[in-house]
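Heads up, the thing below is written out as structure tokens.
The values are calculated or read from the model by the stated rules, or taken from the named source; none is laboratory data. Note that the structure is a prediction, hence the values are computed from the model and not measured. Here the Cβ positions follow ideal geometry from the backbone for every residue, glycine too, while neighbour counts run over all protein chains shown. Please note that ligands, DNA and RNA were not included when accessible areas were found on the heavy atoms of the full protein model with its side chains. Shrake-Rupley method; radii C 1.70, N 1.55, O 1.52, S 1.80 Å.
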Amino acid sequence: MEILQEISTLLQQGRAPKVKELVAQALETGIEPKTILEEGLLSGMNVVGEKFKNNQVFIPEVLIAARAMNMGVEVLKPHLTSGEIEHKGTAVIGTVKGDLHDIGKNLVKLMLEGKGLTVIDLGVDVAPEAFVEKAIEHHADIICCSALLTTTMSEMKNVVEKATEAGIRDQVKIMIGGAPVTQSFCESIGADYYTSDAASCSDVALKICSGTI
């Protein structure tokens, strides 16, 4: 449908007011809200995610596109019944204890939401216990830990240990990321997945939630 393609294209360009306008138009013409969400907004955000992964667009473009998506979703929300919003999964996300960096975390959050996941954002300087408590409270599928400092990376190991102590290790996958983090570090602390960028993280997260990984 042409209008859905146009919504997707405008979202990729970050043209929020226009996206908002076209989403309203699409509703008026009788297109299902779920279709507008999936084939217009989410498909546009997927393209942005792929381009970001391939270094064709950068953080500012992603943030602008995400703002356009959020404006479109706001228009759709009253028309979407809870049954129409397919629950793809829940992720608890935060920057580990002692670390106050949040740009990477915020980007991952946007990408996860762009895939249709529910994201519980705990912010920065998050204690290991808090990750686990919130994961239990929200029946999360994934815990995402971010760190930008070599000195705070070790906190990720504590998150894995606390999840094990709480008996949820078989229910929740732990994903880690951040500039100093590596695949070998991930393996050494017993975390499940390491990804090098936000777009890859959202791809893996979606596979975890859909049971295809």
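General observations
- Where F131, F58 fall by accessible area, highest first, once all protein chains stay in place (1.4 Å): F58, F131
- The Cα center of the range 13-48 and the Cα center of the range 176-206 differ in position by 31 Å.
- Residue order by solvent-accessible surface for L122, L80 is L122, L80, largest first, with ligands and nucleic acids left out and a 1.4 Å probe.
- Net charge, I213 excluded, C-beta distance under 12 Å - Lys, Arg +1, Asp, Glu -1: -1
- Along its principal axes, the range 85-213 has C-alpha extents of 40, 30, 25 angstrom, given from the largest down.
- Other residues within the sphere of radius under 11 Å centred on the Cβ of N70, judged by their own Cβ, net out at +1 (K and R +1, D and E -1).
- With the charge dipole of the chain set up from +1 on Lys and Arg Cβ and -1 on Asp and Glu Cβ about the Cα centre, the Cα lying farthest toward the positive end among the listed residues P128, L80, H139 is that of P128.
- The 1.4 Å probe gives accessible areas that order D99, D170, D125, D192, largest first, as D170, D125, D192, D99.
- What a 1.4 Å probe finds exposed on the chain is 53% carbon and sulfur by accessible area, rounded to a whole percent.
- Cβ-derived FRET efficiency at R0 45 Å, Q183 paired with T81, nearest 0.05: 0.60
- Taken per residue, the accessible surface of the range 87-201 reaches 43 Å², heavy atoms only and a 1.4 Å probe.
- Dipole magnitude (debye, nearest 20) for the chain, charges at Cβ of Lys, Arg, Asp, Glu: 280 debye
- Nitroxide proxy distance, nm - points 7 Å out along Cα→Cβ at T212 and S196: 2.3 nm
- Local charge for T9 was computed over the other residues whose Cβ lies under 12 Å away, with Lys and Arg +1 and Asp and Glu -1, and equals 0.
- In this structure K109 has an accessible area near 60 Å², from a 1.4 Å probe over the protein heavy atoms.
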